[in-house]
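Everything below concerns the one structure shown next.
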Amino acid sequence: MTDQAVGGGPLLPETGEAPAATASGRRAPQSRPDGAAARPVVPAPAPPHFAGRRRELKELHADIARAGLDTLSGRKGARSRVLLIAGRPGSGRTALAEELLRELADDHPDGVLRATLTGPGGEPADTGRTARELLAALGAGAPPGAAEDELTEQLRGALAGRRALLFLDDAPGAEQVEPLLPDAPDCLVVVVSQGPLTGIPDVRPCTLGGLDSAAGVEILTRYAGPTRITVDPRTADSVVEDCGGQPAALVLAGAWLAARPMSSVADLRQALHAIPLPEDLPTGARPLFRAFRLAHDALPAPAARILRLLTLAPAGLVDAHLASALAGCSVAAAATTLDDFAALGLLRPLAAPEDGVAGAGTPDAAMHARYRLPGCLAPLVRALLREHERPAELELARARMLERTVRLLQSCRAMGEPADSPARHKVAGLPRSLRFASKNTAAHWLRSRRVALLDAAAIAVADGELDTLDRRLMAALTRTLLVHQGPEAAAPDLYALHGLVLQVAERRGLARERAAALLNLADLDGRAGRSAQALTRYRSALEAARSVPDPVATGRALESLGGTYTELGDWQRAADWYGRALELRLARGEGADAARLYGRIGSAHTYAGRWGEALTSWRAAARTYRRLGEVSGQARATGEMARVQEYAGRPEEALRTCLEALDVARKAGDGRLEAALQLRIADTLDRLGDPAAARLHRSVGERLLDDYPE
């Protein structure tokens with residue numbers, strides 16, 4: 001893909017007036033650090049300003065203090081109190097919730113947990129995934145592949161005894177909220193929704209209407225400055241009324257006015273009324289529709305297209321790289337455009353986690369800035385996307401985005417490799433925008449984009465027209481997670497990725513990939529204690545591997561079946577499956593693997609008390625190791641023969657075999673093994689009634705343990 005400038009001049013129109021002061025009183029910058037022409041900057045205060053809603057805040061505080069319906073004899077109820085802020089999107093319901101959380105933070109020392117229960121496409125969020133992310137925020141891990149009920153139960157357990165705030169934004173209904181409610185009376189749950197939470201007891205909604213005129217004018221003043229509002233206060237009141245008192249509409253209208261210092265409040269009102277309305281549009285949706293279309297239609301065509309394409313963002317997370325890839329423009333141009341969108345109220349900036357790690361405050365900080373399309377605007381932008389963009393263009397934009405994601409993942413993974421590795425040398429030749437300054441910076445990027453990266457993998461799989469791009473993306477993400485997080489921490493995400501690989505393999509009839517995905521999923525199932533599910537998947541993997549045929553996957557599946565039956569204590573089946581794997585290894589001349597499998601069969605027979613079969617297998621293991629020249633393996637197998645003879649009640653034979661193993665261990669130079677054999681010989685001599693010799697061998701063994709610590 002060739003990067004090109006967005007074109008069409010600056011997003012915000014050039015004017016002859018100096019830009020207004022920001023909310024903090026500082027003047028907006030008059031020149032660019034790179035020497036380029038100055039660009040008017042709309043004041044976008046940080047932190048966000050909160051206007052009005054004092055009565056609603058008072059009602060919410062009173063609702064916290066009142067006795068609940070489940071409170072008996074003055075005692076606290078068993079569950080957390082639930083506060084509901086209800087209102088249509090754009091009514092400022094999330095801003096009110098955030099202000100309430102800020103006021104309550106000091107009373108909840110365990111912090112604020114946040115989750116959005118509606119996906120970027122308007123679909124209800126997966127409850128299990130939400131619970132897992134909340135658990136991660138609490139520092140509590142969850143088994144990979146755990147079911148939704150298990151995850152929500154674990155979440156409730158993790159919150160028990162805590163004093164935390166749980167904020168559930170944009171909840172579609174009670175069925176998404178109820179499973180997440182903690183059994184912790186000292187926790188407080190704040191829910192934002194459009195309607196009631198029918199089915200959850202003791203919830204009284206705080207229903208939001210429009211802001212009063214004074215609060216609405218305050219928002220307009222915040223963006224446009226006081227002068228134009230003061231000279232025409234009646235028109236400003238009329239604009240607030242035209243916007244239905246909806247904060248989202250007022251922000252868009254105020255930002256439009258701020259970008260046009262030569263326009264009056266009357267011009268703003270006239271422009272709003274000039275926006276045509278669809279005939280079937282509900283009355284309550286009209287103010288936000290008008291304000292959004294006013295802002296959108298004022299954008300240069302390339303910028304408007306970028307805004308529409310942002311609805312393709314995985315997990316709704318937007319940054320300069322994503323916008324650049326979607327639109328086919330340079331990363332720098334995309335960063336400037338996103339900054340303009342935020343100033344216009346079209347994007348919501350997200351706090352940068354762990355500021356200072358990923359370049360905050362540096363010239364590259366804009367490349368790492370993250371944004372989200374406000375939930376109230378997302379349906380409006382998606383409607384424009386369907387209206388203006390052809391399916392083929394969307395397919396191409398999505399492919400560019402995923403290809404860029406693959407390249408970033410490869411660069412991120414390389415930073416976890418040694419400095420002199422081929423991967424690091426390869427990354428050094430990439431454009432600066434695709435490189436990370438350090439391993440910490442790369443790891444930070446991976447953490448902050450993890451949810452979006454997983455969503456990107458799901459998008460790639462869902463789109464059946466992306467050929468091999470889906471597999472490349474999942475492979476890159478899997479390797480990057482392993483490098484930066486390790487197999488244990490990455491296991492839950494890897495489980496999801498292997499499931500996606502399986503989906504692709506089954507859809508396309510790829511037997512090798514299907515076998516590999518099933519094996520990986522079965523491994524994770526086994527580690528999570530889901531042995532029955534692991535067995536089913538191992539058998540399916542074996543069937544897929546044999547159909548290709550793929551001897552490597554076949555051997556792994558056979559051994560894994562033996563290992564799972566070993567975990568279950570089913571020694572006969574374990575030995576049987578290990579035996580089948582042994583036949584394959586012998587047929588392929590893989591001596592080291594054959595020796596190891598002889599040992600596993602011997603162990604299974606030992607646990608089952610079949611001493612004869614166990615001795616036969618351990619002798620075969622010792623012979624194979626000797627033939628391979630692996631002296632240490634030979635010594636260990638011989639020592640296990642002695643253990644079996646001891647269990648079989650033949651101590652004299654066990655002593656002779658153990659002395660033989662000791663001699664081989666000395667040749668191998670394996671001090672730890674030699675120490676273990678000396679101690680075993682001492683125990684055997686004690687049983688044979690020779691305590692003096694036993695003390696001698698025990699003394700030597702203990703000295704060796706000191707000389708060869710683990």
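The values are calculated or read from the model by the stated rules, or taken from the named source; none is laboratory data. Here the structure is a predicted model, which means the values were calculated and not measured. FYI the Cβ positions are ideal-geometry reconstructions off the backbone, even for glycines, and counts take in every protein chain you see. The accessibility values were calculated without ligands, DNA or RNA, using every heavy atom of the protein model including side chains. Shrake-Rupley method; radii C 1.70, N 1.55, O 1.52, S 1.80 Å.
What the table shows:
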| quantity | calculated |
| --- | --- |
| Selected residue (criterion: most open to solvent (accessible area, probe 1.4 Å)) from residues of the stretch 566-589 that are in a loop (DSSP other than H, G, I, E, B) and in contact (Cβ under 8 Å) with a residue 24 or more places away in the chain | Arg588 |
| Residue list for the stretch 242-273, filter: open to solvent by 10 Å² or more (accessible area, probe 1.4 Å) and under 13 Å from Arg290 (Cα atoms) | Asp242, Gly244, Gln246, Ala248, Val251, Trp256, Arg269, Gln270, Ala271, His273 |
| Residue list for the stretch 435-450, restricted to those being outside any loop (DSSP other than H, G, I, E, B) and either surrounded by fewer than 16 Cβ atoms within 10 Å (Cβ to Cβ) or under 11 Å from the mean Cα position of the chain (by Cα) (or both) | Asn440, Leu446, Arg447, Ser448, Arg449, Arg450 |
| Qualifying strands (runs of 3 or more DSSP E) (wholly inside the stretch 100-219; at least 1 residues being over 21 Å from Asp63 (Cα atoms) and not polar (S, T, N, Q)) | 112-116 |
| Residue in the stretch 313-329 that is open to solvent by 10 Å² or more (accessible area, probe 1.4 Å) and over 23 Å from Arg398 (Cα atoms) present | no |
| Pair list, Cβ < 7 Å and 6+ apart or interchain, from the stretch 156-177 residues that are closer than 15 Å to Gly199 by Cβ to residues that are surrounded by fewer than 17 Cβ atoms within 10 Å (Cβ to Cβ) | Pro172/Pro124; Ala174/Thr198; Ala174/Gly199; Gln176/Pro124 |
| Only listed residue being touching a strand residue (DSSP E or B) at 6+ places or on another chain (Cβ under 9 Å) and open to solvent by 10 Å² or more (accessible area, probe 1.4 Å), chosen from Thr221, Thr235, Thr207, Thr198 | Thr207 |
| Residues within the stretch 533-551 that are β-branched (Val, Ile, Thr) and at pLDDT below 95, tallied | 1 |
| Which listed residue is at positive phi and touching a residue at least 24 places away in the same chain (Cβ under 8 Å), from Gly555, Gly599, Gly529 | Gly529 |
| Pair list, Cβ under 8 Å, 6 or more apart: the stretch 375-392 residue farther than 19 Å from Arg348 by Cβ and open to solvent by 70 Å² or more (accessible area, probe 1.4 Å), other residue in a helix (DSSP H, G or I) and not aliphatic (A, V, I, L, M) | His388/Arg305; His388/Arg308 |
| Those residues of the stretch 580-600 which are over 41 Å from the mean Cα position of the chain (by Cα) and not aromatic (Phe, Trp, Tyr), in sequence order | Glu583, Leu586, Ala587, Arg588, Gly589, Gly591, Ala595 |
| Test: residue in the stretch 613-627 that is at pLDDT 95 or above, surrounded by fewer than 23 Cβ atoms within 10 Å (Cβ to Cβ) and closer than 18 Å to Ser531 by Cβ | no |
| Filtered residues of the stretch 82-103 (kept if of a type outside the set (Gly, Ala, Ser), in contact with a helix residue (DSSP H, G or I) (Cβ under 8 Å, 6 or more places away or on another chain) and surrounded by 17 or more Cβ atoms within 10 Å (Cβ to Cβ)) | Val82, Leu83, Ile85, Arg88, Pro89, Leu96, Glu99, Leu100 |
| The one condition in (1) within 27 Å of Ala342 (Cβ to Cβ); (2) of a type in the set (Val, Ile, Thr); (3) under 33 Å from the mean Cα position of the chain (by Cα) that Thr230 fails to fulfil | (3) |
| Criterion: under 23 Å from Leu561 (Cα atoms) and open to solvent by less than 60 Å² (accessible area, probe 1.4 Å) - qualifying residue of Ala648, Ala604, Ala682 | Ala604 |
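Okay, residues lined up against (1) buried (at least 17 other Cβ atoms within 10 Å of the Cβ); (2) in contact with a Pro (Cβ under 9 Å, 6 or more places away or on another chain); (3) of a type in the set (Lys, Arg):
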position	(1), (2), (3)
Ala452	yes, yes, no
Thr478	yes, no, no
Gly486	no, no, no
Asn520	yes, no, no
